[in-house]
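Take this structure, written in structure tokens, and hold onto it; I'll ask about it next.
No lab work stands behind these numbers, since they all come straight from the coordinates. This one's a predicted model, so the numbers in the text were calculated from it and none came from an experiment. Cβ atoms come from the backbone with ideal geometry, glycine included; neighbour counts cover every protein chain shown.
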Amino acid sequence: MKKKVTVIISALLVLVLAVFGIYAYIKNTPRSVKNPLPVPESGELTVEHAAPLFYNGLPADYVVVDVRTAEEYEKEHTEGTVNIPVALFEEAGACGRVMPLLPDTKKIIFVCPFGPRAEEMYYNLTDPKEDEGCGINAEGMYYLNAAVKFKPDRLVVR
């Protein structure tokens with residue numbers, strides 16, 4: 001009887017480990033989208049917009065700006081991304097410091113783990129100056145409103 005219980009427990013343990021392995025694999029696999037949405041001129045990108053862009057790595061015609069803190073960025077980030085923390089906007093004169101860091105030859109996608117800080121960066125830059133924004137043209141500028149995992153060689157968008 002003891003041997004039978006041991007076999008059952010071992011089988012259950014193997015099953016649990018297999019399920020966990022499958023879950024971990026799926027969670028870290030880029031999402032493919034059956035009906036991708038076309039990318040708008042500017043603004044919010046959802047999984048349906050962005051998954052095709054990031055499926056094979058970082059998109060060549062975009063600069064991906066990671067808006068997390070420098071500490072978060074150093075802990076884990078994706079090669080090829082640029083770190084410009086949204087926290088810079090807590091200080092006076094942020095527009096003058098952030099705007100020169102933005103590329104002017106490619107489209108820009110702001111990212112963070114879930115979207116709120118990326119959206120904050122987008123609106124800090126594109127809101128009119130009278131609304132305490134930087135007042136820059138939003139065309140070709142986006143924020144990713146999706147769950148993002150930062151892998152060394154790619155972003156996983158889910």
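Using modelled amide H (1.01 Å from N, peptide plane; none on Pro or chain starts), what sits under 5 Å from the amide H of L37, excluding residues fewer than 5 places away?
Long-range HN contacts for L37: H49.
What residues have an amide H closer than 5 Å to that of A146, excluding those fewer than 5 places away on the same chain, when H is modeled at 1.01 Å from N in the peptide plane?
G115
I need the phi-derived Karplus couplings for region 51-65: 6.51 cos²θ - 1.76 cosθ + 1.60, θ = phi - 60°, integer Hz, Gly and Pro marked x.
Values, residue by residue: 3, x, 5, 9, 4, 10, x, 6, x, 5, 9, 10, 9, 9, 9 Hz.
Considering only Cα-Cα distances, which of the following residue pairs are longer than 29 Å: K129/K149; K106/K129; K107/K129?
Working: K129/K149 33 Å; K106/K129 23 Å; K107/K129 22 Å.
Table pairs above 29 Å Cα-Cα are K129/K149.
Still on this structure: Give the shape of region 59-130 as rounded, prolate or oblate, defined through the alpha-carbon gyration tensor: a ≥ b ≥ c are the square roots of its eigenvalues, a/c under 1.5 means rounded, and otherwise the shape is prolate if a/b is larger than b/c and oblate if not.
Numbers: a/c = 1.67, a/b = 1.24, b/c = 1.35.
Judged from the Cα gyration tensor, region 59-130 comes out oblate (a/c at least 1.5, b/c at or above a/b).
Quick one: if you stick a label point 7 Å off each Cα along the C-beta vector at I8 and K129, how many nm between them?
Between I8 and K129, the simple spin-label model gives 7.6 nm.
Sticking with this structure for a sec: In whole Å, what are the Cα extents of region 91-152 along the three principal axes, biggest one first?
Over region 91-152, Cα extents along the principal axes are 36, 24, 21 Å.
If each of A70 and A87 carries a label point 7 Å out from its Cα toward its Cβ, how far apart are those two points in nm?
A separation of 1.0 nm, rounded to one decimal place.
Convert each backbone phi in region 96-112 into a coupling constant with the Karplus relation 6.51 cos²θ - 1.76 cosθ + 1.60 (shift: θ = phi - 60°), then list the ³J(HN,Hα) values in order as whole Hz, x for Gly and Pro.
x, 8, 7, 4, x, 7, 7, x, 10, 9, 10, 6, 10, 10, 8, 10, 8
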